[in-house]
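The values are calculated or read from the model by the stated rules, or taken from the named source; none is laboratory data. Here the structure is a predicted model, which is why all the values come from computation and not from measurement. Here the Cβ is made from the backbone with ideal geometry for all residues, glycine too, and neighbour counts use every protein chain on show.
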Amino acid sequence: MKKLLSEMTLEELWELFPIRLSAHQDCWRDWYQAEAERIRDFLADTEYVISHIGSTAINGIWAKPIVDILLEIPKTTPMEDIKNVLARNGYILMSEAENRASFNRGYTSEGFAEQVFHLHLRYRGDHDELYFRDYMNEYPSRAKQYEALKRSLWKQYEHNRDAYTQAKGPFIVENTVRAKQEYGGRYEDWESRLRALQSAWCENRDSF
């Protein structure tokens, strides 16, 4: 009888869910959009902003085929309430720290499902990943540097996700700083972001 994921050691989990990179797939954006719409359905009464982040949101580069989602909520919303809703709708809590929680969907006792998601629950304003994403997309040469770094680390840390993430850190920090200097407060107006999200939902609905 196979172990439940909750019964596995960290080393067993890394073995079952190794680092895997693949060439960029257009379907990743479709996966994000469909999952964002699913989340909208079960968070219909909650104020939030949702964004596609991570390497699957960067044009044309190799990435783990795991869609990263950033879910920002107002600081007046109890995070525990949102965590419970996510858990009831298929998300498994991976880790948490002060004012942050990370979830996955698509991890099974047999390995990865066909579609896999990492959801990062944060309070509004905790969104450096948006600046990094935009900077990589605006400067393809830097995105290719990031891709080369990831591919150079892949086999070395195939079964050590923490070390893989840590090794990418200096590049991400350097380019996030550059992005925030160049873009200023691009994502700091919460009300404008809410309106943009609502407008996008309406456009998507009207296209069906």
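Here are some notes:
- Flag if TYR107 is in a strand (DSSP E or B) and either at pLDDT 95 or above or under 27 Å from GLU35 (Cα atoms) (or both): yes
- Filtered residues of the range 1-47 (kept if outside any helix (DSSP H, G or I) and touching a His at 6+ places or on another chain (Cβ under 8 Å)): PRO18, ILE19
- Pair list, Cβ under 8 Å, 6 or more apart: the range 1-15 residue at negative phi, other residue among the basic types (Lys, Arg) and in a helix (DSSP H, G or I): TRP14/ARG161
- Residue within the range 68-78 that is in a helix (DSSP H, G or I) and farther than 17 Å from ASN104 by Cα present: no
- Residues satisfying the stated conditions in the range 77-103, i.e. closer than 26 Å to SER22 by Cα, out of contact with any helix residue (DSSP H, G or I) (no Cβ under 8 Å at 6 or more places or on another chain) and surrounded by 18 or more Cβ atoms within 10 Å (Cβ to Cβ): TYR91
- Unique residue being modelled with pLDDT of 95 or more, in a helix (DSSP H, G or I) and closer than 19 Å to GLU11 by Cβ when the list is TYR146, TYR164, TYR157: TYR164
- Once the range 136-166 is narrowed to residues that are exposed (fewer than 15 other Cβ atoms within 10 Å of the Cβ) and among the aliphatic types (A, V, I, L, M), the residue that is nearest to PRO65 (Cα to Cα) is ALA148.
- Residues in the range 167-205 that are assigned to a helix (DSSP H, G or I), of a type in the set (Asp, Glu), free of Cβ contacts under 8 Å to residues at least 24 places away in the same chain and surrounded by 10 or more Cβ atoms within 10 Å (Cβ to Cβ): GLU174 alone.
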